[in-house]
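Every number in this text was worked out from the coordinates using simple rules, so none of it is lab data. Because the structure is predicted, anything quoted here is derived from the model rather than measured. In this analysis, Cβ positions are derived from the backbone assuming ideal geometry, glycine residues included, and neighbour counts consider all displayed protein chains.
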Amino acid sequence: MATLLTAWTPEILTQVVGVPAPGIKYAVRNAAIKFCEETLLWTTTLDRISIVADIGTYDLALPVSQDGEIINIDNVKFKENGQADDQFRRLDPISETQQDLIDSGSWSFLKSPNPNNYYSDFLNKQLNFYQIPTAASVEGLLVKVNVRPDIDCDDLPDFLYKDYREKIKHGALEFLFGSKAMAWYDIEKSMYHGAMFKDAYADGKQDRITGPTNRPMSVRMRNWL
């Protein structure tokens, strides 16, 4: 389900009088994109991908039922062909740039029966295995990604409105009050709402770690000696 960007209209107009509907939509959309980029709260698991023997690169795309744009990979899980779902194991990410610095140059062409690592190409929205698997696996790849709204979207996922309505409102108001060409320009109000929006980033990141719980996080000290 989705919520229209115009759902924020009453809250925006109580703060900034005279903003036309396109301006409200732009400001809310811009705030939602920034919020998702900073917090990585919007995640989704892609449709399962079948691995083809000796093919190391796979395109990433959101399910047809979902709108948005992939920001990056959250985690990757792999299982050998025919195994039950409880046999999925996590693949660790590596850096293509780092590998190019420390390896002779052949590393990206190496093969093995099953991969242990992956690296990403977000210019082309692709995932690359290291090493390239020589064995096929039907629906053996599970990829979870972080998502942000499209730059031309008209609605947002319901959770952004239900759970983060006020926080996104602050981001929209920061933008609107910071628009110098407009009659409602007010740098002090823009700075105020900007500070509130940055606080929202921290809250969102905390929510990502703890999930839907109010239980405080605790850190157990380790003896490193």
Practice prompt. Pop a pseudo-label 7 angstrom from the Cα along the beta-carbon direction at both Glu37 and Gln87 and give the gap in nm to one decimal.
Written response: 4.2
Response to the item:
Calc'd 3J(HN,Hα), the range 190-203, phi into Karplus 6.51 cos²θ - 1.76 cosθ + 1.60 (θ = phi - 60°), Hz, glycine/Pro = x, comes to 4, 5, 4, 5, x, 5, 5, 5, 5, 4, 5, 4, 4, 4
Practice prompt. For the range 43-148, just say rounded, prolate or oblate: build the C-alpha gyration tensor, square-root its eigenvalues into a ≥ b ≥ c, call rounded for a/c under 1.5, and beyond that prolate if a/b exceeds b/c, oblate if not.
Written response: oblate
Fill in: Whole-number percent relative contact order across the chain, with pairs defined as alpha carbons under 8 Å at least 6 apart
30
Practice prompt. Taking the chain as the reference, fit the longest principal axis to its C-alpha atoms, fit the long axis of helix 165-177 to the helix C-alpha atoms, and give the angle between the two in degrees, 0 to 90, nearest 10.
Written response: 60
Fill in: Rounded FRET efficiency, nearest 0.05, which uses the C-beta distance separating Phe159 from Gln15 and R0 of 25 Å
0.60
Worksheet entry | Among Leu176, Leu110, Leu60: highest mean-square fluctuation, GNM of the chain, C-alpha pairs under 10 Å | Leu110
Discussion item. From Cα pairs below 8 angstrom and at least 6 apart in sequence, can you work out the relative contact order of the range 1-94, rounded to a whole percent?
Written reply: 15
Discussion item. Between Asp203 and Thr57, what is 0.36 nm times their sequence separation minus the Cα-Cα distance? Round to one decimal in nm.
Written reply: 49.0 nm
Worksheet entry | Gain upon complete extension [Gln126, Ile94; 0.36 nm per residue less C-alpha separation] | 10.1 nm
Practice prompt. Kindly provide the trypsin sites (Lys or Arg not before Pro) of the range 132-215 that DSSP labels as loop, not H, G, I, E or B, and whose Cβ sees at most 15 other Cβ atoms within 10 Å.
Written response: Lys180
Worksheet item: How much length is gained on full extension from Asn116 to Lys144, taking 0.36 nm per residue of separation minus their Cα-Cα distance?
Response: 8.4 nm
Item to complete: Would you mind telling me which residue in Gly194, Gly178, Gly82 has the biggest mean-square fluctuation in a Gaussian network model of the chain, where springs connect alpha carbons within a distance under 10 angstrom?
Response: Gly82
Discussion item. Contact order normalised by length for the range 43-148, with contacts defined as Cα pairs under 8 Å and 6 or more residues apart; what percent is it?
Written reply: 49
Discussion item. Under 18 Å between alpha carbons, and skipping anything fewer than 8 positions from Lys205 in its own chain: which lysines qualify?
Written reply: Lys34, Lys144, Lys162, Lys167, Lys169
Worksheet item: When every alpha-carbon pair in the chain is counted, what percent end up more than 25 Å apart?
Response: 54
